[in-house]
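Enquirer: Encoded as C-alpha cells, here's the structure I'll be asking about.
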Amino acid sequence: MTHALPTPPAEWSAAWAASLVQSLMSRFLRVDDQVTVLELKASQAGRLQLTVAALPKIGEILANGAVYNKTDMPDLAKACGTTFNTGGETTNQFRIPNLATPLAGLEWRISTGA
C-alpha cells in the first residue's frame, strides 16, 4: 500500500526544503552514531543473549558450562572470573555459565569480547 505525499504549500521554498533535509540528515547521523556505540557495547565480553541456534555470531560461544583457558579468551575470563567454576579447573582456566535452553531451536550464547 503506497501513500501519496501531499503537495507542499507554495510558500515552502527550496531553501526551506534544503534546511529540512539537512536537519533530518543531522538527526539520522546522530542516531547512526548511537547505534554504532550500542553495537560496540554489545560485543563486550560476558554479554549473554538468547539466539536462534542456526544463527551463531562470530565472537559468541554456547553458554554450556564449558571450561576455557584464560589466555585464549582473556576478556571473557576477566568477566567470568571464578564465578561459574565448579572445581577441578586449573589456575589458568575458567568456566562459563551453563544455561538451559528454554525452547527447541534457541540457545544461550555468551560474547567472548572478540
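Quick grid of which residues meet (1) within 17 Å of the chain's Cα centre (by Cα); (2) more than 15 Å from Leu62 (Cα to Cα):
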site: Lys78; (1), (2): no, yes
site: Gly81; (1), (2): no, yes
site: Phe84; (1), (2): no, no
site: Gly88; (1), (2): no, yes
site: Gln93; (1), (2): no, yes
site: Asn98; (1), (2): no, no
site: Pro102; (1), (2): no, no
site: Arg109; (1), (2): yes, no
site: Thr112; (1), (2): yes, no
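Enquirer: Right, here's the next one. So if I check each of Leu38, Leu76, which one is modelled with pLDDT of 90 or more and in a helix (DSSP H, G or I)?
Expert: Leu76
Enquirer: Looking at (1) in a loop (DSSP other than H, G, I, E, B); (2) closer than 23 Å to Thr51 by Cβ; (3) β-branched (Val, Ile, Thr), which one does Ile110 not meet, given that it meets all the others?
Expert: It fails just one condition, (1).
Enquirer: Taking region 58-72 as the region of interest, how many residues are farther than 20 Å from Gln44 by Cβ, among the β-branched types (Val, Ile, Thr) and modelled with pLDDT under 95?
Expert: 0
The values are calculated or read from the model by the stated rules, or taken from the named source; none is laboratory data. Computed from a predicted structure; not experimentally measured. So basically every Cβ, Gly included, is an ideal-geometry build from the backbone, and we count neighbours across all protein chains shown.
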